[in-house]
Every structure is written in C-alpha cells, then in structure tokens.
Amino acid sequence: LASAGARRREPTNIKLSQLRLDRADPYIVFGEDRKTGPGTVPIMAGADVIEAWIEKLETRDWWDGEWLFPSKKSDDGSRPKGWVNRVIDDLAERADVTFPDGSKITPKHFRAFWYTHYAEAKQAWIAELDRLAEKQGVSSGEVIDKHYLSDQAGRDHFRRFLESTFEPIFGDDTHGID
C-alpha cells in the first residue's frame, strides 16, 4: 500500500494484467472503474517481492493467473472487501506497532504517507517544469507535463525525488532496479 499509494480496496482488485514490473519503471495501470479514473501509479519499492509472490502463486494448481491476491473461496477468485484491513490489523498486532498516541495503524495511513510525498514530488516537478516553460515560452510547467512528457518521466521524477524517503523503509530496492 505504501509503495504504490493504493486505496485499501485496490489491492484486492488488482489483476496481473494491470502490473508493469519492468525493473526500470514498475507501475500499476488503473482503468475507468477506478474512483479517480484511469491512470498509472508508480511502484516505489517491492517489484521483486511482487514477482516472487507471482512465482509462488504459479505453483498453486487452483490459481487461474488473474488476480494478484486470489481467493479460492470467492466466485470470481478475488479477495473480499475487508481483507486488506484484516491483513494490516494482523501485521500491526504481530509487530506490536502503533502510533505514538497508541492509535492503530490502518490502510488509510499507508495511502496518506504515499500521497503526502507524491504531492510534494509533484509540486517540485511542476516547479522544475515552470522554469523550463519560462525558457521555452510555454504558458506553464503543467502544460509541458500534460502535453509533452510521458507518464514515465513523471514516475521517474517521483522515484528520484523520494528515494531518500523510501530507502530507510524499504531498503536499497526503492524502485525495483537491481
């Protein structure tokens, strides 16, 4: 959740066809059914963990290859809505982790962490593009971002901007590059 900023329901809905695990640019593709519409979201860390998970799933004779987090118990093979909450609760309890005020960690905290840092990176990216826009006679950095650059350029900036934030949490593999 923290390495891709997913909403708590999104991991249970991710299909393998949505994953792009290229080591230089791992990301998730979301379609029209996403709350905020279609788009791509960089995976900041753990692409190797996802690949290892998929390899493990491939050894299961019941897995149909569709869902990232499959369930044998559901009709469509996906996990139920509350599954992520239960997993986070269980992990936090086993690790005996709470916030300094004693409150429990929830999936929303992971998304808030990611989104806070994403917003900071986006502002820095647009400021950088604003400087370029001024030199090039373009009205704004947002115009350059929207019309002239690839989604990968934005994801790459996000990774560079946040490596120092994510590395202490996820280790050296902060962007999936060996």
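How far apart, in nm, are two points set 7 Å out from the Cα along the Cα-to-Cβ line at D64 and at D101?
If labels sit at D64 and D101, their model points lie 4.4 nm apart.
What is the distance in Å between the Cα centres of the stretch 18-54 and the stretch 120-145?
Comparing the Cα centres of the stretch 18-54 and the stretch 120-145, I get a distance of 26 Å.
Cα axis of helix 47-57 to longest principal axis of the chain: angle in degrees, 0 to 90, nearest 10?
With both axes taken from Cα atoms, the answer is about 30 degrees.
Just want the answer: with Cβ charges of +1 for Lys and Arg and -1 for Asp and Glu, which residue in A4, G31, G82 is farthest toward the dipole's positive end in the stretch 1-84?
G82
Anyone know which of Q136, Q18, Q152 comes out most mobile in the 10 Å Cα GNM of the chain?
Maximum among the listed residues: Q136.
Which lysines does K81 reach when only Cα atoms under 18 Å apart count, and residues fewer than 8 places away in its own chain are ignored?
Cα-Cα hits under 18 Å: K15, K35, K72, K73, K108.
Any idea of the accessible area per residue across the chain, 1.4 Å probe, to the nearest Å²? Working shown, then result.
Working: 11030 Å² over 178 residues.
With all protein chains present, the chain gives 62 Å² per residue.
Report the label-to-label distance for E163 and A124 in nanometres (one decimal), using points 7 Å from each Cα along the Cα→Cβ vector.
Distance between the two pseudo-spin positions: 1.1 nm.
Once the Cα atoms of helix 83-95 and of the chain are each reduced to a long axis, what angle between those two axes, in degrees from 0 to 90 to the nearest 10, is obtained?
Tilt of helix 83-95: around 80 degrees.
Which whole-Hz couplings ³J(HN,Hα) result when phi for each residue of the stretch 150-156 is put into the Karplus expression 6.51 cos²θ - 1.76 cosθ + 1.60, θ = phi - 60°, listed in order with x for Gly and Pro?
7, 4, 4, 4, x, 5, 4
Within 14 Å, Cβ to Cβ, of I144, how many net charges do the neighbouring residues add up to if Lys/Arg are +1 and Asp/Glu are -1?
Surrounding charge for I144 is -2.
For K15 and R86, compute 0.36 nm times the residue count separating them, minus their Cα-Cα distance, and round to one decimal in nm.
Length gained between K15 and R86: 23.5 nm.
Pop out the ³J(HN,Hα) list for the stretch 105-116 in order, Karplus 6.51 cos²θ - 1.76 cosθ + 1.60 with θ = phi - 60°, rounded to Hz; leave Gly and Pro as x.
Those phi angles translate into 7, 10, x, 4, 5, 5, 5, 4, 4, 4, 5, 4 Hz.
Can you spot the aspartates and glutamates whose alpha carbon is less than 14 Å from K104's alpha carbon? Ignore those fewer than 8 places along the same chain.
D89, D90, E93, D96
Residue-wise, which Karplus ³J(HN,Hα) couplings in Hz belong to the stretch 120-137, taking 6.51 cos²θ - 1.76 cosθ + 1.60, θ = phi - 60°, and x for glycine or proline?
Per residue, the Karplus-derived 3J(HN,Hα) values read 4, 5, 5, 4, 5, 4, 5, 4, 5, 5, 4, 4, 5, 4, 4, 5, 9, x Hz.
Given Cβ point charges of +1 (Lys, Arg) and -1 (Asp, Glu) and nothing else, what value in debye, to the nearest 20, does the dipole of the chain about its Cα centre take?
With Lys and Arg at +1 and Asp and Glu at -1, about 660 debye.
Just one of (i) 145; (ii) 105; (iii) 191 is volume of the Cα convex hull per residue in Å³ calculated from these coordinates, so which is it?
Here volume of the Cα convex hull per residue in Å³ agrees with entry (i).
For K122, give me every one of the lysines with a C-alpha distance below 18 angstrom, ignoring sequence neighbours fewer than eight places off in its own chain.
Cross-link targets: K146.
The values are calculated or read from the model by the stated rules, or taken from the named source; none is laboratory data. For clarity, every value in this text was computed on a predicted model and none was experimentally measured. Note: ideal-geometry Cβ built from the backbone for every residue, glycine included; neighbour counts use all protein chains shown. Each accessible area value is taken on the protein alone, full model and side chains, heavy atoms only, with ligands, DNA and RNA left out. Shrake-Rupley method; radii C 1.70, N 1.55, O 1.52, S 1.80 Å.
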